[in-house]
Structures are given as C-alpha cells and as structure tokens.
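The values are calculated or read from the model by the stated rules, or taken from the named source; none is laboratory data. Just so you know, these numbers come straight off a predicted model, no measurement behind them. Positions of Cβ are backbone-derived with ideal geometry, glycine not excepted, and every protein chain shown enters the neighbour counts.
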Amino acid sequence: MIANADRAALRQAAREAAARAHAPYSRFRVGAAVLTDRGTVHAGCNVENASYGLTICAERNAIFRAVCQADEGPLRIRAVLVYTPTEAPTAPCGACRQVLNEFGPQALVICECDGPDAIETSVDRLLPSAFGPHNLDASSASPGKGP
C-alpha cells in the first residue's frame, strides 16, 4: 500500500516516460516509475534497438536509473507503476520481474493503461519461488559448489 500522492507521482512519471520511449520497431511505448524506500521516484522508458536483444524495458531502465542515483546503502523498491497507452494493462516481462525481485521482492506492482482496467499485485505474486540473493548466500552453498 502506498499513499495517494506517491501513486499520483508514479503515474505522472510513468506516463511522461512512455511519451519519450524509443519504440520505432514495435511501436509499443512503455513507461515505468519506481518508488524507493527513500521516497524518491525514478522513471524509465523502453528503448528499442535494431538488434532486438539489446532492447531495454522501461521497468529495468527505471530500476537501473534508481540504482545509479541511490545516495547510500542498498536500494529497496517499494512500488513500481507500469503504464502503456493501450486499452488493456500490461504486466512486466519475466526479465523485469527478476530484476524487480532483486530490489523489492514484496514491492507493489501497478499496471495502468488508457482503458478502465488496471492490475495491482506484488513482485512475489508475479514471480513465485524466485531465484534471488538468498540463493547465493555463501553459508548455504555446498563445499566446492558455490562462487
């Protein structure tokens, strides 16, 4: 649960980011904004590339921007809002879900669009039994099997 003012800030940032998306191939513009545990909002848009595998999603773009601008200590994401100018909301892709899990396994995920529907869930519901930092904990690694 987040405050209405935080939700409004996320919505505005995500919509503005979607308008700046570089989507010449799919024409599918996406904007995302993340709210950190420090109360800051960071936005990102999808940036496509002619070499499709090099494309970056809006959600990861926003997260990486937040990481780059984090003041101190580990970054924790409280919420992400994904906006698409479509009739139906679109949930984050698998890669974005995995990156969201890294920084906010219980983060609120809000997916909005121009239509009347919305999705509101959490990262752990979108990515159950996720692989994460806990899997790489040195104390849980078997001898000779860990990094």
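Pick from the range 76-123 the residues that are closer than 23 Å to residue 29 by Cβ and of a type in the set (D, E, K, R): which of them is nearest to the chain's Cα centre (by Cα)?
97
I need a count of the residues in the range 14-40 that are more than 12 Å from the chain's Cα centre (by Cα) and within 20 Å of residue 90 (Cβ to Cβ).
Step one: of the range 14-40, the residues more than 12 Å from the chain's Cα centre (by Cα) are 15-29, 37-40.
If we keep only those that are within 20 Å of residue 90 (Cβ to Cβ) as well, we get 15-29.
Within the range 14-40, residues that are more than 12 Å from the chain's Cα centre (by Cα) and within 20 Å of residue 90 (Cβ to Cβ) number 15.
Only one residue in 75, 100 is touching a helix residue (DSSP H, G or I) at 6+ places or on another chain (Cβ under 7 Å), modelled with pLDDT under 95 and not in a strand (DSSP E or B). Which one?
Unique residue meeting the criteria: 75.
Restricting to the range 107-129, what's the tally of residues that are of a type in the set (S, T, N, Q) and assigned to a strand (DSSP E or B)? Quick ask: steps written out before the conclusion?
Residues of the range 107-129 of a type in the set (S, T, N, Q): 121-122, 129.
With assigned to a strand (DSSP E or B) added as a condition, the list becomes 121-122.
So the count comes out to 2.
Of all residues in the range 1-45, how many are outside any helix (DSSP H, G or I), touching a Pro at 6+ places or on another chain (Cβ under 9 Å) and basic (Lys, Arg)?
Adding up the residues that qualify gives 1.
Would you say residue 66 is over 11 Å from the mean Cα position of the chain (by Cα) and crowded, with 16+ Cβ neighbours inside 10 Å?
no
Confirm whether residue 103 is surrounded by fewer than 19 Cβ atoms within 10 Å (Cβ to Cβ), of a type outside the set (A, V, I, L, M) and over 18 Å from residue 114 (Cβ atoms).
Against the criterion (surrounded by fewer than 19 Cβ atoms within 10 Å (Cβ to Cβ), of a type outside the set (A, V, I, L, M) and over 18 Å from residue 114 (Cβ atoms)), residue 103 does not qualify.
List the residue pairs whose Cβ atoms are under 6 Å apart, where the first residue sits in the range 112-129 and is without any contact (Cβ under 8 Å) to a residue 40 or more places away in the chain, the second is of a type in the set (Val, Ile, Thr) and part of a loop (DSSP other than H, G, I, E, B), and the two are 6 or more positions apart or on different chains.
Final answer for the pair search is 113/86.
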